[in-house]
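J.: My questions will all concern the structure given below.
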C-alpha cells in the first residue's frame, strides 16, 4: 500500500513540476503523503493528506495553488483514482529558494 502512495506522490509531483518549469524562478517541488487506514481488514485507506513544498524565487503562490488543485482534481490519474477510495486533503508551502 505504501507503494501506491509513492506512485501517487510521484505522479502529482511530475504534473506540478512540469507546469511550474515554465515559470522563471522555479527550483523544486517536494511532495509528501500521509494516510490513515481502516482498523479492520481489508485495511483500506480512509484518509490521505498530500503536502507540497514548492521552492523558487518570486513564484506566484496563488498560481502554484491552482496548479496543485488541478493536478489533484483531474490531471494526476493516480490522485483521481485514489480519491475514489478515500478523501484527499492537501496543504501547500511556497518557500523562497
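The values are calculated or read from the model by the stated rules, or taken from the named source; none is laboratory data. On a predicted model such as this, the values are computed, not experimentally measured, just so you know. Positions of Cβ are backbone-derived with ideal geometry, glycine not excepted, and every protein chain shown enters the neighbour counts.
J.: Out of (1) surrounded by 13 or more Cβ atoms within 10 Å (Cβ to Cβ); (2) within 14 Å of the chain's Cα centre (by Cα), the odd one out for residue 45 is which?
T.: Among (1) surrounded by 13 or more Cβ atoms within 10 Å (Cβ to Cβ); (2) within 14 Å of the chain's Cα centre (by Cα), residue 45 violates only (2).
J.: Next question. Just give me the residues in the range 1-50 being farther than 19 Å from residue 65 by Cβ and in a strand (DSSP E or B), in sequence order.
T.: 34, 35, 36, 37, 45, 46, 47, listed by residue number.
J.: Also: In the range 55-71, is there at least one residue being within 13 Å of the chain's Cα centre (by Cα), exposed (fewer than 13 other Cβ atoms within 10 Å of the Cβ) and not in a strand (DSSP E or B)?
T.: Checking the range 55-71: at least one residue is within 13 Å of the chain's Cα centre (by Cα), exposed (fewer than 13 other Cβ atoms within 10 Å of the Cβ) and not in a strand (DSSP E or B).
J.: Any residue at all in the range 77-84 that is in a strand (DSSP E or B), surrounded by 13 or more Cβ atoms within 10 Å (Cβ to Cβ) and either within 9 Å of the chain's Cα centre (by Cα) or modelled with pLDDT of 95 or more (or both)?
T.: no
J.: Separate question: Could you give me the residue pairs with C-beta distances under 7 Å whose first residue belongs to the range 68-97 and is in contact (Cβ under 8 Å) with a residue 40 or more places away in the chain, whose second residue is in a loop (DSSP other than H, G, I, E, B) and surrounded by 16 or more Cβ atoms within 10 Å (Cβ to Cβ) wherever it lies, and which are 6+ apart or on separate chains?
T.: Between residues of the range 68-97 that are in contact (Cβ under 8 Å) with a residue 40 or more places away in the chain and residues that are in a loop (DSSP other than H, G, I, E, B) and surrounded by 16 or more Cβ atoms within 10 Å (Cβ to Cβ), the close pairs are 94/59.
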